[in-house]
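**Q** Attaching a single structure in structure tokens format; questions to follow.
The values are calculated or read from the model by the stated rules, or taken from the named source; none is laboratory data. Just so you know, these numbers come straight off a predicted model, no measurement behind them. Please note: Cβ atoms are built from the backbone with ideal geometry, for glycine as well, and neighbour counts cover all protein chains shown.
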Amino acid sequence: MPRTLVWVAASLAPKVTPMHALDAVAADVRECRACPRLVEWREQIALEKRAAFRDQEYWGRGVPGFGDPDARLLVVGLAPAAHGANRTGRMFTGDRSGDWLYRALYRAGYANQPVSTDREDGLELDGAFITSPVKCAPPANKPTPAERANCRPYFERELAALTRVRVILALGQVGYNAACTELGVSSRPRFGHGLEVPLDDDRTLLCSFHVSQQNTFTGRLTEPMLDAVFGRARELTG
């Protein structure tokens, strides 16, 4: 084909926007059955249910990331909770960890409301995107190395699509390790709440204790501590 025609064809081809790229990842995550143990667990939970949610239909599939395709802040957790995101189909939605996270996002101006109960509750994020390196609820919240490896391409594709991200906020050690791997952090400082790791491309890896009940019930993580981290994220993202 002559060069002129090649240039014209390329210029007329539809451009892949962050939203399109993230929608494609989400579609693949929802249909993924690569890990037999996780598939069996998520579907078993969806059938047996928790008594408090026995009248609800569980999602019981892989849970994609959620938020603003033009986000400047990326929040990285661990995996969907069995009766939270595995039930509702949206990250950090329907459990107490999510209650803490979305209240903090709201106070920091990243969310239009402080609650996240289900996919139809009207919640929207502005400038933030939430995801996890593992897309299915794992037994005892402990995915195997092979399961983490199977999920890694989805996480990579999300990072590639979120081209405007300036700050990656890792919730907990697992989120920190996954982010370090994908961001090419070879010399890893010891994880700690409030840790900042400047990256070579002018982005920043920021850390917080996870919003798990183990941390929030014991006072290891308080709301002022969480607010301080999101406040710092605001400063870094401008």
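**Q** Could you pull out the residue among Leu221, Leu226 that is assigned to a loop (DSSP other than H, G, I, E, B), more than 16 Å from the chain's Cα centre (by Cα) and buried (at least 21 other Cβ atoms within 10 Å of the Cβ)? Explain how you work it out, then say what you get.
**A** Working: Leu226 fails: assigned to a loop (DSSP other than H, G, I, E, B).
Of the residues listed, the single one that is assigned to a loop (DSSP other than H, G, I, E, B), more than 16 Å from the chain's Cα centre (by Cα) and buried (at least 21 other Cβ atoms within 10 Å of the Cβ) is Leu221.
**Q** Of the conditions (1) in a loop (DSSP other than H, G, I, E, B); (2) of a type in the set (Ser, Thr, Tyr); (3) closer than 24 Å to Tyr110 by Cβ, Ser187 satisfies every one except a single condition; which number is it?
**A** (3)
**Q** If Val211 satisfies every condition in (1) outside any helix (DSSP H, G or I); (2) farther than 19 Å from Tyr106 by Cα but one, which is the exception?
**A** (2)
**Q** Okay, moving on. Mind checking which residues of region 74-103 are among the aliphatic types (A, V, I, L, M), under 15 Å from the mean Cα position of the chain (by Cα) and either surrounded by fewer than 24 Cβ atoms within 10 Å (Cβ to Cβ) or under 18 Å from Cys151 (Cβ atoms) (or both)? Before the answer, list the steps.
**A** So in region 74-103, the residues among the aliphatic types (A, V, I, L, M) come out as 74-76, 78-79, 81-82, 85, 91, 101.
Then drop every residue that is not under 15 Å from the mean Cα position of the chain (by Cα), which leaves 74-76, 78-79, 81, 85, 91, 101.
Passing the criteria: Leu74, Val75, Val76, Leu78, Ala79, Ala81, Ala85, Met91.
**Q** I've got another one for you. Being closer than 16 Å to Val134 by Cβ and modelled with pLDDT of 95 or more, is that true of even one residue in region 14-27?
**A** yes
**Q** Every residue in region 72-93 that is part of a loop (DSSP other than H, G, I, E, B) and under 15 Å from Ser132 (Cβ atoms), please.
**A** Correct list: Gly77, Leu78, Ala79, Pro80, Ala81, Ala82, Gly84, Gly89, Arg90, Met91, Phe92, Thr93.
**Q** Of the residues in region 132-176, how many are farther than 18 Å from Asn86 by Cβ, without any contact (Cβ under 8 Å) to a residue 12 or more places away in the chain and not small (Gly, Ala, Ser)?
**A** So the count comes out to 2.
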